[in-house]
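Single-structure report; data block below.
Values in this text are rule-based calculations from the coordinates and carry no lab data. Quantities reported herein were computed from a predicted structural model and do not represent experimental measurements. Neighbour counts run over all protein chains shown; Cβ positions are idealised from the backbone, glycine included.
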Amino acid sequence: MYTIFATAISSPTILMLTILYAITSSITVFDKRLIQAKRDGTLPPDEPMLPWWVGIIAWADWGIILTLLILNWKFALLLFLVKFILSVLPVLEIAGNIIMRPFRPKIKPN
């Protein structure tokens with residue numbers, strides 16, 4: 001049985017949402033870094049961006065953390081803090097690059 005704001009961390013729902021949050025966060029951070037690099041000029045302007053559906057993953061990322069806040073607010077805040085630390089370090093960016101590698105459009109050679 002689930003109790004609001006105090007669900008056990010070892011419950012299958014919390015564990016599944018935590019794994020999904022890690023995956024969606026890494027994709028979101030990687031997309032954010034690509035947008036920043038293109039805006040700053042460190043990425044060539046003709047470099048292709050990620051597909052449009054990555055924006056849906058960004059919304060899912062926020063939905064997952066809000067669900068975790070409802071289920072166990074202390075764990076969700078800790079997880080959000082860990083996400084912040086891992087996004088400052090390039091850990092989530094590298095993981096997002098690995099996950100999204102098959103979906104990045106290729107540039108055709110001239």
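Quick notes on this structure:
- Each Lys and Arg contributes +1 and each Asp and Glu -1, all at the Cβ; summed about the Cα centre of segment 12-99, the dipole is approximately 260 debye.
- Simple spin-label estimate for residue 42 and residue 99 in nanometres, 7 Å along Cα-Cβ: 2.1
- Pairwise alpha-carbon distances in segment 12-99 exceed 14 Å for 65% of all pairs.
- Point-to-point label distance, residue 106-residue 35, nm (Cα→Cβ direction, 7 Å offset): 2.8
- Each Cα pair under 8 Å and six or more residues apart adds its sequence gap; the mean of these over the residue count of the chain is a relative contact order of 43 percent.
- Computed extension length for residue 69-residue 84: 3.8 nm, one decimal, from 0.36 nm per residue of separation with the Cα-Cα distance subtracted.
- At least 24 Å along the helix axis (C-alpha) and Kyte average at least 1.6, DSSP helices within the chain: 54-71
- Counted by Cβ distance under 13 Å from residue 32, the other residues give a net charge of 0, where Lys and Arg count +1 and Asp and Glu count -1.
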